[in-house]
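Participant: Please find one structure pasted underneath; my questions will follow.
Readers should treat all values here as calculations from the given coordinates under stated rules, not as data from a laboratory. If you're wondering where the values come from, they're calculated on a predicted model, not measured in any experiment. Glycine also receives a Cβ, built like all others from the backbone with ideal geometry; neighbour counts cover every protein chain displayed.
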Amino acid sequence: MAASNAERQAAYRRRLKAQGLERISAYVDPATARTFRNLAAAHDQPQAAVFKLGTLAAARLLAGEKLVPADSAETDLVLRIDA
């Protein structure tokens, strides 16, 4: 007998949890949601990668650091996501 949609979804969530990932959700305004989705699509990145980079950038900005272009001599402030 084939697994139901609910069973497949539960198995998928268990696999992600076993990988150490956590599920979170948030409500944002439509413009923010659209920008988020567009960033992921435009850069061919999963939404999780965009979220991670945005969180890292926010942490630095909120701590008073500045973000600089990747071609800047100040490479210690360039944000990168580890593959």
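Participant: Translational D (Stokes-Einstein, µm²/s) of the range 5-77 at 4 °C and 1.567 mPa s when Rh comes from the Kirkwood sum over C-alpha pairs?
Facilitator: 86
Participant: Near Q47, within a Cβ-to-Cβ distance under 14 Å, what is the net charge of the other residues, with Lys and Arg +1 and Asp and Glu -1?
Facilitator: It works out to a net charge of +3.
Participant: Loop-only check: which chymotrypsin sites (Phe, Trp or Tyr not before Pro) in the range 5-62 are DSSP coil with at most 12 other Cβ within 10 angstrom? Kindly include the intermediate steps, with their values, before the conclusion.
Facilitator: Values: sites: Y12, Y27, F36, F51; in loops: Y27.
For chymotrypsin sites (Phe, Trp or Tyr not before Pro) across the range 5-62 that sit outside H, G, I, E and B with at most 12 neighbouring Cβ atoms in 10 Å, the list reads Y27.
Participant: Show me the GluC sites (Glu not before Pro) within the range 1-72 that DSSP assigns to loop and that have at most 11 other Cβ atoms within 10 Å of their Cβ.
Facilitator: On the way: sites: E7, E22, E65; in loops: E22, E65.
Filter output for the range 1-72: E22.
Participant: Restricting attention to the range 1-63, which trypsin sites (Lys or Arg not before Pro) occupy a DSSP loop and are surrounded by at most 16 other Cβ atoms within 10 Å?
Facilitator: Passing sites in the range 1-63 are R23.
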